[in-house]
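K.L.:
Below is one structure. I have some questions about it.
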Amino acid sequence: MKNCLILSENESDLETAGKIIRNGGLVAFPTETVYGLGANAFDSEAVENIFKAKGRPGDNPLIVHISDKEQISDIVSEINPKAKALIDAFFPAPLTVIMKKNKNIPDNVSAGLDTVGVRMPENKIARKFIKAAGVPIAAPSANKSGRPSPTSAEYVIKDIGECIDAVIDGGECSVGVESTVITTVGDIPEILRPGAVTKEDIEKVIGKVTVSRAAFENIKVDKAPSPGMKYKHYAPKAEVVIVKGGKEKYEKFVNMHKSAFALCFEDDNVDIPKVVYGTDGDSESQAKNLFSSLRHLDEHGAKKVYARFPNSNGVGAAVYNRLLRAAAFRIIDLNKPFLIGLTGQTGAGKGYVGKYLTKLGFNVLDSDIYARKVLNDTEVLNNLSNEFGKDVLKDGKLDRKLLAERSFSDKDKTEKLNKIMHPAILRSAEKDALFPAVLDAALLFEAGADKLSFITVSVIADEDLRIKRIMKRDGISKSEAMLRIGAQHSSDFYIENSDCVVINDGRDIEIQIKKILEEKL
Ligand code: TXA
Ligand code: MG
């Protein structure tokens, strides 16, 4: 256990910090992005202690920080024209440029790669400290591995104070998310981690660049282009879920979850406990507050957190990238018209589940009602008469019996009927789909309504039970009931195709539904 010195930005304190570095120690320091945990980049033993202090996997390379551009030639073996253009245009900046490393840089800095990331911070205290040390400083963010990056000295001390020699307290970081990382080593430069220097900023200087798929997708690769991207990151103790769909739907959604926390924007009207992480439409404010907000959620003891989806353009790309990792890529998409698509076998108890969801405040739409409604729609009627004969319409009214005879006579015809009816039913239900909407539809999958639903829930039950239920419900014989059941999908079909299954066999249905709502929404 170490006694961590707390230093200020005055000259003698920075001199002390520089000396600690030259003696092989570890100093945490402020930058405009987040606090870094620094060691002499030429001293492999000191660098080893960074990995130990953070609990960082050895295959995740460190960035080398400089105070003057002249230092770059001591670190890299080659500065290609695009790297040079980026350095000239941006340094000092929240930008890390990856180049081929030279032999001065120990292997543990670059985690065995033949490349190294170089960054000249904009923050003046950082540059004065690096200058005082007289050597380039290898530094990752100064958090325990996996935790949100620290944006104040206080968070550094909380996370790793016992494992480091000193921290320079430079107040709160102005940017709040780590630097943009770009590699210039391949044919087309690639942004490996979005940050405050945006893709658009960079393209103005060096033309087309790509953004690594791993920035926004949960790709599982052994050799990620930027090793840091394969680890769980920025995670608070709470389970975080990102909620997409705009202010109004977000508000309605979170207000349904009384025991959760909202990670929202300043003007959001939420009446559950909340932590604000910026202003709607202002990505800079969101970037600045995101990590401290994630830490505040822990301080409040939050267990489940619904985060408002940020605008993901410009600096917002960095915010979204970090939030995705904090949420382990879990997103609830309220842009789909139906929050739940409800289906299941006849007689299994779908209706009962629908009633229970209504009681919980969901807006349950019965597709049968819409099926009847669309039969008053002139376009639907015209399509039906074109397909099944003019005489299915008598004085503009549908002869249902005749239509049934013609459309159910063979599979092909039934399909043609469905092709006319299903889209019309869905369009009509969508119009009434006030959030949070549930579409109750026996033919949910056949109609393609599963794609319009955020989750699909099927209700299934044992065949004997279903036969008894339909006999009683519809007053029909056992053989008639069996005939109907025989025309339906098996339980396996529903288990395979839906996100969740409710089994109605005497187990408590309400408990099963509550569990689904808790886990999936
Ligand atoms: O803003 C920042 O960049 C902060 C401050 C302290 O400068 N530093 C920082 O370092 O965020 P760290 O270690 O937490 O994140 C560095 C990221 C990691 O994802 C790492 O995998 C990637 O940069 N990286 C470093 N060197 C690399 C290399 N040679 N090739 C590919 N990725 C590299
Ligand atoms: Mg980090």
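Bear in mind these aren't lab numbers, they're just calculated from the coordinates by the rules spelled out. Since we're looking at a predicted model, the values are computed, not measured. Please note: Cβ atoms are built from the backbone with ideal geometry, for glycine as well, and neighbour counts cover all protein chains shown.
K.L.:
With θ set to phi - 60°, apply the Karplus curve 6.51 cos²θ - 1.76 cosθ + 1.60 along region 80-95 and write out the HN-Hα couplings as whole Hz, x wherever there is a Gly or Pro.
P.N.:
Couplings: 6, x, 5, 4, 4, 4, 5, 4, 4, 7, 10, 5, x, 6, x, 9 Hz.
K.L.:
Let me check the size of the chain from its C-alpha atoms; what are the radius of gyration and Dmax in Å?
P.N.:
According to the Cα coordinates of the chain, Rg and Dmax are 30.1, 97 Å.
K.L.:
Short version: ³J(HN,Hα) in whole Hz for each residue of region 174-191, in order, from phi by Karplus 6.51 cos²θ - 1.76 cosθ + 1.60 (θ = phi - 60°), x for Gly and Pro, what are they?
P.N.:
7, 8, x, 10, 5, 4, 5, 10, 10, 9, 10, 7, x, 5, 10, x, 10, 7
K.L.:
Working only with C-alpha atoms, what are the Rg and Dmax values of region 184-311, expressed in angstrom?
P.N.:
Spelled out, the Cα radius of gyration and Dmax of region 184-311 are 17.0, 51 Å.
K.L.:
Oh, and also: Obtain the nm distance between the two label points defined at Asn3 and Ala328 by a simple spin-label model: each point lies 7 Å from its Cα along the Cα-to-C-beta direction.
P.N.:
4.1
K.L.:
Note the angle between two axes, namely the Cα long axis of helix 11-22 and the longest principal axis of the Cα atoms of the chain, as a number of degrees from 0 to 90, rounded to the nearest 10.
P.N.:
80
K.L.:
Of all DSSP beta bridges located in the chain, what percent are antiparallel, nearest 5? Intermediate results must be reported in sequence, preceding the final value.
P.N.:
Numbers: 20 of 65 bridges.
Roughly 30 percent of the beta bridges in the chain run antiparallel, per DSSP.
K.L.:
For His300, list long-range residues whose amide hydrogen, built 1.01 Å from N in the peptide plane, is under 5 Å from its own amide hydrogen.
P.N.:
Those lying under 5 Å, H to H, from His300: there are none.
K.L.:
Something else: When Lys and Arg each count +1 and Asp and Glu each count -1, what net charge do the other residues less than 12 Å away from Ser179, Cβ to Cβ, add up to? Before the final figure, lay out the partial values.
P.N.:
On the way: positive: Arg119, Arg193; negative: Glu32, Glu122, Glu178.
That sum, taken over residues with Cβ under 12 Å, equals -1.
K.L.:
Which lysines, on any chain, are close to Lys208 with Cα under 29 Å apart, when same-chain ones fewer than 8 places away are left out?
P.N.:
Within the straight-line cut-off, Lys208 pairs with Lys69, Lys82, Lys84, Lys100, Lys101, Lys199, Lys220, Lys223, Lys230, Lys288.
K.L.:
What FRET efficiency, computed as 1/(1 + (r/R0)^6) with R0 = 25 Å and r the Cβ-Cβ distance, is obtained for Lys514 and Glu217, rounded to the nearest 0.05?
P.N.:
Numbers: r = 32 Å, r/R0 = 1.26.
The pair Lys514/Glu217 has a calculated efficiency of 0.20.
K.L.:
Sticking with this one: What number, in percent, do you get for the relative contact order of region 443-521 if the mean sequence gap of Cα pairs under 8 Å and at least 6 apart is divided by its residue count?
P.N.:
On the way: 55 pairs, mean separation 30.6, N = 79.
Dividing the mean separation by the residue count of region 443-521 yields 39 percent.
K.L.:
Also: Per residue of region 415-424, what does 6.51 cos²θ - 1.76 cosθ + 1.60 with θ = phi - 60° give for ³J(HN,Hα)? Whole Hz please, x for Gly and Pro, Karplus curve as stated.
P.N.:
Taking θ as phi minus 60°, the curve returns 4, 4, 4, 4, 4, 7, 6, 4, x, 5 Hz for region 415-424.
K.L.:
Within region 304-345, whose backbone N sits under 14 Å from a point 7 Å along Cα→Cβ of Glu203?
P.N.:
Output list for this probe position: 313-315, 317.
K.L.:
Tell me, what is the FRET efficiency for Lys472 and Glu379 to the nearest 0.05, using R0 = 25 angstrom and their Cβ-Cβ distance as r?
P.N.:
Between Lys472 and Glu379 the formula returns 0.05.
K.L.:
Right, here's the next one. Where both partners of a DSSP beta bridge lie in region 78-221, what percent of those bridges are antiparallel, to the nearest 5? Mind dumping the intermediate values first?
P.N.:
Details: 7 of 13 bridges.
Rounded to the nearest five, the antiparallel share is 55 percent.
K.L.:
Restricting to DSSP loop positions (anything but H, G, I, E, B) with no more than 13 other Cβ atoms inside 10 Å of their own Cβ, which GluC sites (Glu not before Pro) remain in region 456-521? Provide the component values of the computation, followed by the final result.
P.N.:
On the way: sites: Glu463, Glu480, Glu496, Glu510, Glu518, Glu519; in loops: none.
Passing both the DSSP loop test and the Cβ count: no residue.
K.L.:
Name the residues whose placed amide hydrogens come within less than 5 Å of the amide hydrogen of Thr115, ignoring near sequence neighbours (fewer than 5 apart) on the same chain.
P.N.:
Close amide H contacts, sequence-distant or interchain: Lys101.
K.L.:
What angle do you read, to the nearest 10 degrees and between 0 and 90, between the alpha-carbon axis of helix 124-133 and the longest principal axis of the chain?
P.N.:
50
K.L.:
Full-extension gain between Asp74 and Asn313, please, as 0.36 nm times their residue separation minus the C-alpha to C-alpha distance. Mind dumping the intermediate values first?
P.N.:
On the way: separation 239, 0.36 × 239 = 86.04 nm, distance 3.58 nm.
Length gained between Asp74 and Asn313: 82.5 nm.
K.L.:
So what's region 385-521 giving for Rg/Rh, alpha carbon basis, Kirkwood Rh from the mean inverse pair distance?
P.N.:
Values: Rg = 18.0 Å, Rh = 17.7 Å.
When Rh is taken as the Kirkwood radius, the ratio is 1.02.
K.L.:
Distance in nm between label sites at Asp298 and Asp368, each 7 Å beyond Cα in the beta-carbon direction?
P.N.:
5.3
K.L.:
How many percent of Cα pairs in region 42-170 exceed 26 Å? Please report the intermediate quantities before stating the final value.
P.N.:
Values: 1575 of 8256 pairs.
Distances greater than 26 Å cover 19 percent of the Cα pairs.
K.L.:
Could I ask something else about it? Figure the gain on full extension for Ser44 and Lys390 (residue separation times 0.36 nm, minus the Cα-Cα span) and round it to one decimal in nm.
P.N.:
On the way: separation 346, 0.36 × 346 = 124.56 nm, distance 8.60 nm.
Computed gain between Ser44 and Lys390 is 116.0 nm.
K.L.:
Something else now. Figure the gain on full extension for Asn335 and Lys244 (residue separation times 0.36 nm, minus the Cα-Cα span) and round it to one decimal in nm.
P.N.:
Values: separation 91, 0.36 × 91 = 32.76 nm, distance 0.69 nm.
Taking Asn335 through Lys244 to full extension adds about 32.1 nm, to one decimal.
K.L.:
Once you've got the Cα coordinates, tell me which of Lys252/Lys373; Lys144/Lys247; Lys252/Lys336 are over 23 Å apart. Working shown, then result.
P.N.:
Details: Lys252/Lys373 29 Å; Lys144/Lys247 34 Å; Lys252/Lys336 15 Å.
Lys252/Lys373; Lys144/Lys247, as the Cα separations exceed 23 Å there.
K.L.:
Got the relative contact order for the chain handy, in percent, Cα pairs under 8 Å and 6 or more residues apart?
P.N.:
Details: 1060 pairs, mean separation 66.3, N = 521.
That works out to 13 percent.
K.L.:
At a Förster radius of 45 Å, what calculated FRET efficiency corresponds to the Cβ-Cβ distance of Lys100 and Glu11, to the nearest 0.05? Don't skip to the end; give the middle numbers.
P.N.:
Numbers: r = 36 Å, r/R0 = 0.80.
Here the calculated transfer efficiency is 0.80.
K.L.:
Next question. I need two numbers for region 327-402: Rg to one decimal and Dmax as a whole number, Cα atoms only, in Å.
P.N.:
18.4, 59
K.L.:
Still on this model: Going by amide H atoms built from the backbone, whose H comes under 5 Å of the H on Lys274, apart from near neighbours?
P.N.:
Counting only residues 5 or more places away or on other chains, the set is Ala262.
K.L.:
Further, regarding this structure: Just how far, in whole angstrom, is region 498-514 from region 432-489 if you go by their alpha carbon centroids?
P.N.:
One Cα centre to the other: 14 Å.
K.L.:
Using only Cα atoms, locate the centre of region 389-420 and the centre of region 38-117, then give the distance between them in Å, rounded to an integer.
P.N.:
Here the two parts' Cα centres lie 72 Å apart.
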